[in-house]
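For reference, the structure is listed below as structure tokens.
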Amino acid sequence: MTESQITPPNHDIASRLCEQVKEAYQQRAPLRIVGGNTRAFYGRPVDAAPLDVAEHRGIVHYDPVELIVTARAGTPLDELEAVLDDSGQMLGFEPPRFGPQSTLGGAVATGMAGPRRPWAGATRDFVLGTRVITQQGDLLRFGGEVMKNVAGYDMSRLMTGAQGTLGVLADVSLKVLPQPPARASLRLALPLDKALARLAELGRRPLPVTAAVWHDGALCLRLEGGHSSVEATRQELGGEPLEAGFWEALRDLSHRFFHLSPGQALWRLSLPPNTPPLTLGDSQEPVLYDWASCQRFIKTTLDGDTLRRACQAAGGHATCYTPAAAGGAEEPFTPLNPVVEKYHRRLKEQLDTRGIFNPGRLYAAF
């Protein structure tokens with residue numbers, strides 16, 4: 001891959017997308033932004049005409065020396081990561097891939113990150129700039145391709161996690177990371193209480209840990225860094241080698257844990273560090289502790305109110321990944337507090353005055 005790769009013009013359909021958005025704005029016709037459609041499960045369903053960005057794909061610019069890549073929103077993650085891998089680099093936020101159609105735009109719009117997130121940073125930490133199609137069909141650039149940017153409101157990072165409710169992502173510029181020279185994955189047979197204590201102890205030391213999950217009676221750790229550091233830590237911690245493909249399956253939510261039984265729903269619990277196991281009545285349903293226990297997945301038949309009360313009491317929140325499995329009755333996201341909701345509404349009103357971008361995707365009211 002050369003320092004700068006330009007994708008052929010026939011993969012740039014930004015002008016066509018701008019015209020579609022402009023027409024929707026004039027007619028007050030809502031749009032459902034679609035790329036690979038692999039993340040449609042996340043959030044509320046949108047009843048609107050599709051705006052297909054999948055054709056708007058390809059790497060626009062890649063500079064391995066500066067650790068910067070710019071790609072169009074419809075670029076498949078597999079395609080982008082293959083190019084980075086050829087240069088010994090990677091996406092630091094390790095976005096989940098829910099199939100070969102999974103796109104960069106969907107990854108940034110949902111803000112999902114994989115097992116490396118607590119150690120490397122969230123999706124928005126890697127976003128340097130974007131080109132966004134605004135409500136009136138204008139294609140505007142925000143941010144750039146440098147780590148230090150001009151002062152002001154950071155629209156690029158604001159688009160991260162907004163799920164297409166504030167505009168249409170056209171291009172995204174990202175900081176990338178070098179791949180570590182050495183890796184090792186360990187499985188330590190430990191009960192949950194001892195595993196949580198071990199994680200708290202490891203977190204106070206400068207060890208090359210880049211993923212930590214407890215599941216089914218074992219603490220699984222990924223070590224990445226220099227050869228001597230990884231080897232010394234592996235020797236100290238002991239344990240057994242972890243099966244190949246474990247972290248990829250965890251990243252993509254394709255691990256056997258995520259296979260649901262009839263009547264079960266999958267919930268993601270986001271909690272502060274060192275939070276003990278939640279008290280959920282007599283429930284003994286399986287829980288996977290990821291991100292050194294800050295992110296937890298539970299397969300359960302419990303109702304959302306019970307889960308959210310327990311999370312909120314611990315200072316966290318709960319998100320339903322499979323609302324359809326709960327009969328469609330569950331609200332996917334924890335309701336915002338009144339102050340935060342006020343600012344969300346004001347922002348939406350400013351950037352999407354006619355409510356055409358993925359209406360209701362985040363919350364029913366906006």
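At full extension, residue 249 and residue 193 could sit 17.7 nm farther apart than now, given 0.36 nm per residue minus the alpha carbon distance. Calculated on the Cα set of segment 26-89, radius of gyration then Dmax: 15.4, 48 Å. Taking the Cβ of residue 36 as the center, what net charge do the other residues with Cβ under 15 Å away carry, scoring Lys and Arg +1 and Asp and Glu -1? Within the 15 Å Cβ shell, the charges total -1. For the set 22/342; 299/348; 175/342, the pairs lying more than 30 angstrom apart at their alpha carbons are 299/348; 175/342. Would you mind estimating how fast the chain diffuses translationally, via Stokes-Einstein at 10 °C and 1.306 mPa s with the Kirkwood radius over Cα pairs, in µm²/s? Estimated via Stokes-Einstein, D reaches 73 µm²/s.
Shape summary of segment 212-343, radius of gyration then Dmax from alpha carbon positions: 17.1, 52 Å.
Toward the positive end of the charge dipole of the chain, with +1 on the Cβ of Lys and Arg and -1 on the Cβ of Asp and Glu, the farthest Cα among 53, 98, 163 is that of 163. Taking a ≥ b ≥ c as the square roots of the eigenvalues of the Cα gyration tensor, an a/c ratio of 1.5 or more together with a/b no larger than b/c marks segment 75-124 as oblate. Across segment 336-344, computed HN-Hα scalar couplings (Karplus, 6.51 cos²θ - 1.76 cosθ + 1.60, θ = phi - 60°) run 6, 6, x, 5, 5, 4, 4, 6, 4 Hz from first to last residue, x flagging Gly and Pro. As a calculated quantity, the FRET efficiency between residue 342 and residue 285 at R0 = 51 Å, using C-beta atoms, amounts to about 0.90.
Residues whose amide H comes within less than 5 Å of that of residue 203, counting only those at least five positions distant or on another chain, are absent (H built at 1.01 Å from N in the peptide plane). The local environment of residue 121, defined by Cβ-Cβ distances under 14 Å, has a net charge of +3 under the rule Lys, Arg +1 and Asp, Glu -1.
Normalised by 2.2 N^0.38 Å, where N counts its residues, the alpha-carbon radius of gyration of segment 277-354 equals 1.32.
The accessible surface of segment 48-91, taken with every protein chain in place and a 1.4 Å probe, is 52 percent carbon and sulfur.
Listed values for segment 171-184 are Karplus-derived 3J(HN,Hα) couplings in whole Hz (6.51 cos²θ - 1.76 cosθ + 1.60, θ = phi - 60°), namely 10, 9, 9, 10, 7, 10, 10, x, 5, x, x, 9, 9, 8, and x replaces Gly and Pro.
Computed about the Cα centre, the dipole magnitude for the chain is approximately 880 debye when only Lys and Arg (+1) and Asp and Glu (-1) carry charge, each at its Cβ. Using the Cβ-Cβ distance between residue 236 and residue 204 with R0 set to 22 Å, the FRET efficiency from 1/(1 + (r/R0)^6) comes to roughly 0.90. Global size of segment 112-201: 18.5, 57 Å for Rg and Dmax (C-alpha atoms, Rg to one decimal, Dmax whole). Taking amide hydrogens as placed 1.01 Å from N in the peptide plane, the amide H of residue 51 sits under 5 Å from those of 32, 33, 34, each at least 5 positions away in sequence or on another chain.
The ellipsoid that matches the Cα gyration tensor of segment 153-292 has semi-axes, each √(5λ) in whole angstrom, of 28, 25, 15, with the longest given first. Scaling against 2.2 N^0.38 Å puts the C-alpha radius of gyration of segment 1-148 at 1.06.
The values are calculated or read from the model by the stated rules, or taken from the named source; none is laboratory data. Remember, predicted model here, so these are calculated numbers, not experimental data. Heads up, the Cβs are rebuilt from the backbone with ideal geometry, glycines too, and the neighbour counts pull from every protein chain shown. SASA here: full protein model, heavy atoms, side chains in, ligands and nucleic acids out. Shrake-Rupley method; radii C 1.70, N 1.55, O 1.52, S 1.80 Å.
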